[in-house]
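The block underneath contains the structure these notes are about, expressed in structure tokens.
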Amino acid sequence: MGFQGDEESSAPQVSTKSQFRFNSPLVQVFLIGLVCFCCPGMFNALSGMGGGGQMDTTVADNASTALYTTFAIFGIIGGGIYNILGPRLTLFAGCATYVLYAGSFLYYNHIKDQTFAIIAGAILGMGAGFLWAGEGAIMTSYPPTNRKGTYISIFWSIFNMGGVVGGLIPFILNYHRTTASSVNDGTYIGFMCFMSIGALTSLAILPPSRVVRDDGSRCTNIMYSSVSVEFVEILKLFLNWKMLLIVPAAWSSNFFYTYQFNNVNGVLFNLRTRGFNNVFYWGAQMVGSVGIGYILDFSFKSRKTRGLFGISLVALLGTGIWAGGLANQLRYSRHNVLDKLDFKDSGSDFVGPFFLYFCFGLLDAMFQSMVYWVIGALADDSETLSRYSGFYKGLQSAGAAVAWQIDTHHVSFMSQLVVNWSLTTLSYPLLGVLVFLAVEEDKKPIDETCKEVNSSIY
């Protein structure tokens with residue numbers, strides 16, 4: 001049996017020896033990475049320009065507030081929807097909303113009315129809840145138990161390549177517009193084309209009951225779920241002590257985007273340089289995810305030790321990077337804005353803020369990959385992990401909604417930095433406690449949650 005809407009069908013016999021089988025976890029994680037490359041990857045590039053590529057950040061702040069408010073709700077229930085509809089319908093519905101959102105900024109380039117952007121943001125919040133709940137379930141449940149960090153890093157690298165390519169779009173198309181206030185129409189059209197490709201690619205994702213690991217085990221033997229079952233199980237998450245320990249990490253993990261995108265990249269750099277910076281911000285994420293993924297899978301024999309070491313390392317780096325952010329923030333404020341920096345014309349003045357922004361990207365990937373690894377270590381079945389991932393994304397989005405409104409109300413840059421630094425710092429000891437108490441050592445390749453099959457699959 002499979003998901004409702006993703007019925008299993010007969011297929012020819014396929015060997016389980018090749019990692020590059022279409023139904024292998026590696027290929028499926030690659031595909032979900034490609035989907036996120038095209039949709040949230042391009043969205044990240046759009047957001048990373050500061051103000052959604054507009055001179056006035058108000059429209060982007062309000063659209064983002066609407067987005068993350070609905071995302072907070074649909075992120076939490078997204079896991080339940082995934083368990084009912086399965087990956088294809090859930091992911092496709094989510095991806096389609098990204099196209100609409102990018103189109104709303106194209107509209108705003110011509111008609112300065114933010115209503116469409118705000119409505120599109122709210123709709124995207126619903127779709128993003130579907131997409132990320134499905135992504136979280138796939139990324140944490142499809143891989144073998146002892147290689148989840150590696151698969152997370154593979155996904156994160158492909159996903160953030162979208163930010164790299166997406167950063168090149170405004171950089172190239174606006175290269176000679178050094179004094180422009182908003183990006184041109186071609187920038188938004190380019191984003192929409194990539195997002196449309198992502199929506200179509202999502203239809204290639206297989207349900208977990210059809211994904212077979214190299215050892216012959218399926219990722220889940222889940223039966224049909226129902227609305228009533230999912231409603232009860234989602235409510236239980238708010239009393240689950242494991243999820244409660246993740247709350248600060250979830251809340252903070254998108255909270256800092258507003259500060260980094262609007263008040264570092266958006267305030268300190270001109271338009272074309274913001275696109276240039278984003279190439280390296282999202283490129284740094286690829287480096288960070290690979291590094292932390294290796295540590296979480298291979299640094300020590302004990303899985304619990306690997307988790308605690310990884311959290312300690314991210315905490316140490318995070319402290320240093322936010323300290324650098326503090327040093328940078330002392331140079332300017334809302335009422336004392338510096339001249340815009342250009343990557344070609346500003347010389348050595350450009351280097352320090354650019355390197356800080358690069359390090360913010362590095363830390364983001366390490367922090368979120370670490371949290372996903374911890375979530376993936378709490379269970380093995382897709383049904384449970386889709387709910388855990390949805391809970392994480394829901395709270396993450398609630399934090400982001402608050403952060404965008406904080407910026408809309410012109411809270412000082414320094415106050416935003418201090419809150420961001422404090423929230424991430426609080427997360428580390430709580431995640432350490434969670435790993436110490438709840439993470440078990442690596443199980444055998446075939447465990448109780450996996451259904452053993454023969455060398456042929458159907």
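The values are calculated or read from the model by the stated rules, or taken from the named source; none is laboratory data. Computed from a predicted structure; not experimentally measured. Ideal geometry is used to build each Cβ from the backbone, glycine not excepted, and the neighbour counts take in all protein chains shown. With ligands, DNA and RNA removed, areas are computed over all heavy atoms of the protein, side chains included. Shrake-Rupley method; radii C 1.70, N 1.55, O 1.52, S 1.80 Å.
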* Structure fact -> Among the residues of the stretch 385-430, the number that are touching a residue at least 40 places away in the same chain (Cβ under 8 Å) and farther than 22 Å from GLN260 by Cβ is 8
* To do: Identify the residue in the stretch 399-409 that is modelled with pLDDT of 90 or more and open to solvent by 10 Å² or more (accessible area, probe 1.4 Å) and, among all such residues, is nearest to TYR68 (Cα to Cα).
  => VAL402
* Structure fact -> ASP339 passes all but one of the listed conditions (1) assigned to a helix (DSSP H, G or I); (2) modelled with pLDDT under 95; (3) open to solvent by 20 Å² or more (accessible area, probe 1.4 Å); the exception is number (1)
* Please tell me if VAL351 is over 30 Å from PHE269 (Cα atoms) and of a type in the set (Val, Ile, Thr). => no
* Asked: What about SER104, is it under 19 Å from the mean Cα position of the chain (by Cα) and not assigned by the TED database to the domain that holds GLY361?
  -> no
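Rundown of residues vs (1) under 28 Å from GLY33 (Cα atoms); (2) touching a Phe, Trp or Tyr at 6+ places or on another chain (Cβ under 7 Å); (3) not in a helix (DSSP H, G or I), yes/no style:
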residue	(1), (2), (3)
LEU245	yes, no, no
PHE261	yes, no, no
GLN285	yes, yes, no
GLY288	yes, no, no
GLY291	yes, no, no
VAL314	yes, yes, no
GLY325	no, no, no
ARG331	no, no, yes
PHE343	no, yes, yes
* To do: Among the numbered conditions (1) within 26 Å of ILE32 (Cβ to Cβ); (2) not assigned by the TED database to the domain that holds CYS39, tell me where THR201 comes up short.
  => (2)
* Extreme residue, most open to solvent (accessible area, probe 1.4 Å), among residues of the stretch 265-300 that are among the polar types (S, T, N, Q) and in contact (Cβ under 8 Å) with a residue 60 or more places away in the chain -> ASN270
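Residue-wise test of (1) open to solvent by 20 Å² or more (accessible area, probe 1.4 Å); (2) more than 22 Å from ILE84 (Cβ to Cβ).
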| position | (1), (2) |
| --- | --- |
| GLY347 | yes, yes |
| VAL351 | yes, yes |
| PHE354 | yes, yes |
| GLY361 | no, yes |
| PHE367 | no, yes |
| TRP373 | no, yes |
| SER389 | no, no |
| SER397 | no, no |
* Does the stretch 203-234 hold any residues that are among the hydrophobic types (A, V, I, L, M, F, W, C), out of contact with any Phe, Trp or Tyr (no Cβ under 7 Å at 6 or more places or on another chain) and at pLDDT below 75, and which are they? -> ILE222, MET223
* Complete set of residues in the stretch 290-302 that are at pLDDT 90 or above and farther than 20 Å from LEU362 by Cβ -> SER302
* Of residues in the stretch 23-48 being surrounded by fewer than 24 Cβ atoms within 10 Å (Cβ to Cβ) and in a loop (DSSP other than H, G, I, E, B), the one modelled with the lowest pLDDT -> ASN23
